[in-house]
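The values are calculated or read from the model by the stated rules, or taken from the named source; none is laboratory data. These numbers were taken from a predicted model, which means no experiment stands behind them. Because the Cβ atoms are built from the backbone with ideal geometry, glycine has one as well, and the counts that use them run over all protein chains shown. For the accessible areas, the whole protein counts, side chains as well, though only heavy atoms, and no ligand, DNA or RNA atoms are used. Shrake-Rupley method; radii C 1.70, N 1.55, O 1.52, S 1.80 Å.
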Amino acid sequence: MASRRHPASLSSRSHAFSVRKVSPACLPEPRLAGRSFPRRSLLVHAAASATLVTLSLVAAPTLHAQTPSAAPTTAGAYPSRPIRFIVPFAAGGVSDILGRSVALKMSEVVGQQWVVENRGGAGGTIGADVVANATPDGYTILLSSLTTQSIAPHMLKKLPYNTLTAFTPVGGVALSPNILSIGSSQPMKSVKDIIAAAKANPGKVIYGSSGQGSIGHLTGEILRAATGVDMTHVPFKSAALAYPDVMGGNITMVFDTLPSAMQHIKSGAVRPVAMLSPKRSPAMPDVPTIAEAGFPEATLNFWSALFGPANMPPAVVQRLNESLNKSLAAPDLRDRLVALGSDPWPTTPQELTTRVREDFERMGKVIKTAGIAPE
């Protein structure tokens, strides 16, 4: 920020003075309001006053520099410096790749660099807490998700923030369908085959997920409630760790997000059975949806979106939302997202707010019905 020159500063001005020496003895005794003052006393007071004025002129710019800058209230003033972009997951994962793809395009669109900072841990809540406590000036933004915003509040006993009030929704980024994949050696070929097997052998159809209360776990619970069959859940520390057990026949199938599952499907390690989304994915258009199998109520998309701290200026939120939607419309970013197994998901801040609340309520009911205990 360019420094302001104090109005009273004379440091950059040149002045010419004509100076004539006058003996103090020649000067009459000063009088103020009819009263006489000793010349020495008046000079002391004058020197003290001059000192105070000088100190005020010097100190004023210093105090101004130490005053925190207020959040911008107009879009024209934003952004004027790089933006800190918190990705609440480890580097190298799908969320990190997604975040860096978005950051690259947003840097181009807004004209300021988006600096990715990985703050992983606790299902994304550690990074989210960083943003929840940041200054709401638009210079700290979070890449969050269904898991962090709508599932974690029901699964963690001690969440350091209120997910519905601690953030300002900016806009959606991507929708990633959940997918049901089965071991290639399994005889079942469709959702109907799996349901028939589960009915014939209650509890013998076993599915894996990325952990207790994860989106994969809840997807399995949603399908179980929709079909009325008894399936057994086996949690893993990550979805990637479930695939060797699926391939080895130790478990029947796995619920995962498409971006995470794509490499295993393309390698032939598992066979995709159904997308748990309202429509087929452009990344795998031959895989039918769960709705096509007769269970539209079992759909659940994983979403990613941008959030800032609560109480961000509306003008800044609007500027960010417009820039984000412009980025998502760009062919290069769109193609990148589809290649990752995601669809661009442009929204307004209001639409994102509604989605967060709807999924918050829905996930809470699923978790309570399934009897999943928070940790």
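Considering only residues of region 98-138 that are more than 30 Å from residue 211 (Cβ to Cβ) and small (Gly, Ala, Ser), which is surrounded by the fewest Cβ atoms within 10 Å (Cβ to Cβ)? Among those residues, the one meeting the criterion is 111. Could you tell me whether any residue of region 139-155 is free of Cβ contacts under 8 Å to residues at least 60 places away in the same chain and surrounded by fewer than 23 Cβ atoms within 10 Å (Cβ to Cβ)? There is at least one residue in region 139-155 that is free of Cβ contacts under 8 Å to residues at least 60 places away in the same chain and surrounded by fewer than 23 Cβ atoms within 10 Å (Cβ to Cβ). Against the list (1) at pLDDT 95 or above; (2) within 19 Å of residue 299 (Cα to Cα), the condition residue 177 fails is (1).
Listed here are the residues, each with its yes/no results for (1) touching a helix residue (DSSP H, G or I) at 6+ places or on another chain (Cβ under 7 Å); (2) not charged (D, E, K, R).
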| site | (1), (2) |
| --- | --- |
| 354 | no, yes |
| 357 | no, no |
| 362 | no, no |
| 375 | yes, no |
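Going residue by residue through region 164-174, is there one that turns out to be farther than 18 Å from residue 359 by Cα and either crowded, with 23+ Cβ neighbours inside 10 Å or among the aliphatic types (A, V, I, L, M) (or both)? No: zero hits. Among residues of region 270-287 being free of Cβ contacts under 8 Å to residues at least 24 places away in the same chain and closer than 16 Å to residue 301 by Cβ, the one that is most open to solvent (accessible area, probe 1.4 Å) is 279.
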